[in-house]
Amino acid sequence: MGNLMPDMRFAPPNPIRIADRSSGMNAVSIRSYNERLVLSLLLQNKGLSRMEIGNRTGLSAQTVSVIIRSLEQEGLVAKGAAVKGRMGPPTIPLSLNPEGAYSVGISLGHRHTDVVMIDFVGQVKFHTTLPLPSDTTPSNHSKLVATVKEALDALPDKQEGRMAGIGIAMPEDQEELALGPTGIAEQFETLGQEIETALGIEVYVQNDITAAAAGESMFGAAKSLDDYLFFYIGARLHHRLVLNHQIFQSRANISKPAGLIDLEQRLLVSGQQNDLLWDRGAKWPDFGVHKVLWLQDCVESLNASLSAASQFLPVSTVIVSSYAPTEICDEIVDALKQANGNIEVKKGELQLSPKAMGAASLPFGSKFTVS
């Protein structure tokens, strides 16, 4: 993997930590940490009793009760129906209140900008896709601000104060945006500040692949995983190594060309139509041999990255996330499974817009989880 290092180029730092791997502290002066500890645990587990929370965090029963009471009053935690046990009084399961907090995620992609709004448990409440600006329309900042306002208008009544923030997923390398209209990368440099100024809502900016991995850890296929290798298949192939819930990238070979750009080039050379290649949620037509050969090269590149990582660290689980249609991702996952029988390969669960969903997880990670 080269020289592994935490991805600290953007704020906030990796917001991934599983609460039941931590130890709670009972001092009143650090109650905020304990609240984050409980919220982190409930992000990972639905329907826990107070006793289970105490056992997993090491917090005393009294401390757990005080914290839960406070979080209930704030609307962040909700009680479920009482469950009768064989012995003793019924237990009351506790979960995050979906309406307890909301966040918006913006992903600046190769051809489109995705905007999503999610609730506290990661359910999508708003989603739209905007085209990147053209040479004749040099900026879509105002359109982005208007779209975020549209998302805020979709909030339930009297929920405006529960907006945790806005996350922006910036491209892995500016070349991805530079492939589109001239100057796009420069136009987005101050986007976070502009949105924050216009809307008065805190903005968090993170590398898009790191954000996508963070989203899978918080809401998707990696919720229960400590360590895994994360692949994202977009315009190019990208990877992240997640160790003890911390996300790392390599300085070398950050991205590989065997992504959708490569398939697009193959189709362009052959004169075949590729209009649907970049449409969010569209089903690809039959690209014939071009898709077959591209898939082979894609899987070969993924296997090479997996092999390189395995030389330094034992990799037992791989998560594959993609912009491509679900059935294409399934084919890639199946091919990786066949080539690596001793490794568990999972498809990412954030399929609507993995990067935007990951961006939306950033405010939650910063405000409600331990770090």
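When both region 273-344 and region 55-99 are represented by their alpha-carbon centers, they are found 41 Å apart. With the Cα gyration tensor of region 37-86 giving a ≥ b ≥ c as the square roots of its eigenvalues, does the rule (a/c under 1.5 for rounded; else a/b larger than b/c for prolate; else oblate) give rounded, prolate or oblate? Here region 37-86 falls in the rounded category.
Heavy-atom accessible surface of Tyr228, to the nearest 10 Å², is about 10 Å², with a 1.4 Å probe and all protein chains retained.
By a 1.4 Å probe calculation restricted to protein chains, Glu327 has an accessible surface near 70 Å², given to the nearest 10.
Could you look at region 62-104 and say what percent of its accessible area is carbon and sulfur, using a 1.4 Å probe and all protein chains? Heavy-atom surface of region 62-104 belonging to carbon and sulfur, 1.4 Å probe: 54 percent. Based on protein heavy atoms only, region 301-353 ends up with 46 Å² per residue of surface accessible to a 1.4 Å probe. Under 1.5 on a/c is rounded, so check that first for region 248-339, then, if it is not, pick prolate when a/b is larger than b/c and oblate when it is not; a ≥ b ≥ c are the square roots of the alpha carbon gyration tensor eigenvalues. Here region 248-339 falls in the prolate category.
For region 45-126, the per residue solvent-accessible surface stands at 48 Å², with DNA, RNA and ligands left out and a 1.4 Å probe. With a 1.4 Å probe and all protein chains left in place, how much of the accessible area of region 199-357 comes from carbon and sulfur atoms, in whole percent? Of the solvent-accessible surface of region 199-357, carbon and sulfur hold 50 percent.
In terms of its C-alpha gyration tensor, region 196-281 comes out oblate, because a/c is 1.5 or above while a/b does not outweigh b/c. Taking amide H as placed 1.01 Å from N in the peptide plane, the amide H of Ser95 sits under 5 Å from that of Gly47, Ala78, Gly80, each at least 5 places away or on another chain.
The values are calculated or read from the model by the stated rules, or taken from the named source; none is laboratory data. Note that the structure is predicted; figures quoted are calculated from it, not measured. Just so you know, the surface numbers come from the protein's heavy atoms only, side chains and all, with ligands and any DNA or RNA stripped out. Shrake-Rupley method; radii C 1.70, N 1.55, O 1.52, S 1.80 Å.
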